[in-house]
C-alpha cells in the first residue's frame with residue numbers, strides 16, 4: 001500500500017524500519033507473512049508456480065530475503081551469491097508455528113538490516129539458526145576454494 005507525503009513523494013506504508021524486505025515462497029505458511037508484516041517488514045508472497053530461477057532473480061533484483069522450505073535454495077551450485085540476495089531455509093515443521101515465530105524473532109533480534117542478511121544462507125531450526133555465507137560462482141568454480149557445505153538429513 002502506498003501513501004503520498006505532503007511534499008508529493010510516494011511512501012510505502014509497509015516499509016521496514018531497517019529496510020529489510022522478504023519474499024515468501026509459496027510453500028511457506030501464510031502465518032509467516034502475517035508475523036513479518038506485524039513487525040513492520042515489507043513482505044511479498046511469491047506468485048504461484050513461479051520458477052525457482054525467477055524467484056532467485058526477484059530476490060536479487062529487489063534485495064529481498066527469500067524464505068523457503070525448498071532445499072534447492074540451500075545448494076550453492078544452483079544458487080550462488082550472484083543469483084540470490086539471501087535465503088532463509090526453514091527446517092521447522094510447518095505444523096509448529098510457535099517454534100517458527102520464536103526462532104525467527106531471535107534471528108531478527110540479532111540481524112537487523114538488509115546488510116546483515118545480504119549474501120547469507122540462514123538455516124532456521126526449532127532451537128535457533130545457523131548462518132553461512134553464500135559463495136560466489138567464481139569461488140565455487142575454484143578448485144582451491146574452501147567451501148563449508150552443510151548437509152542435513154531429510
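The values are calculated or read from the model by the stated rules, or taken from the named source; none is laboratory data. What you see is a predicted model, and the numbers here were worked out from it, not measured in a lab. Positions of Cβ are backbone-derived with ideal geometry, glycine not excepted, and every protein chain shown enters the neighbour counts.
When you check residue 52 against the structure, is it touching a strand residue (DSSP E or B) at 6+ places or on another chain (Cβ under 6 Å) and modelled with pLDDT of 90 or more, yes or no? So residue 52 does not fit the description; no.
Scanning region 14-25 for residues that are modelled with pLDDT of 95 or more and surrounded by fewer than 16 Cβ atoms within 10 Å (Cβ to Cβ) returns no hits. Within the set 8, 33, the sole residue that is surrounded by 14 or more Cβ atoms within 10 Å (Cβ to Cβ) and either more than 12 Å from the chain's Cα centre (by Cα) or at pLDDT 90 or above (or both) turns out to be 33.
From the list 122, 92, 77, exactly one residue is at negative phi and touching a residue at least 60 places away in the same chain (Cβ under 8 Å). Which is it? One residue alone meets the criteria, 77. If you go through region 45-55 and keep only what is touching a helix residue (DSSP H, G or I) at 6+ places or on another chain (Cβ under 8 Å) and farther than 26 Å from residue 77 by Cβ, you end up with just 45.
Taking each residue of region 96-119 that is closer than 14 Å to residue 34 by Cα and looking for partners that are crowded, with 16+ Cβ neighbours inside 10 Å and modelled with pLDDT of 90 or more with beta-carbon atoms closer than 6 Å, six or more apart or interchain, yields 100/92; 101/35.
Among the conditions (1) surrounded by fewer than 17 Cβ atoms within 10 Å (Cβ to Cβ); (2) more than 14 Å from residue 28 (Cα to Cα), residue 45 misses just one, which is (2). Residues that are touching a helix residue (DSSP H, G or I) at 6+ places or on another chain (Cβ under 8 Å), at pLDDT 90 or above and part of a helix (DSSP H, G or I) were ranked within region 56-99; the one that is surrounded by the fewest Cβ atoms within 10 Å (Cβ to Cβ) is 72.
Filtering region 57-68 to residues that are more than 10 Å from the chain's Cα centre (by Cα) and touching a residue at least 12 places away in the same chain (Cβ under 8 Å) leaves 57, 58, 60, 62. Answer yes if at least one residue in region 120-143 is part of a helix (DSSP H, G or I) and at pLDDT 90 or above, and no otherwise. No, region 120-143 has no match at all.
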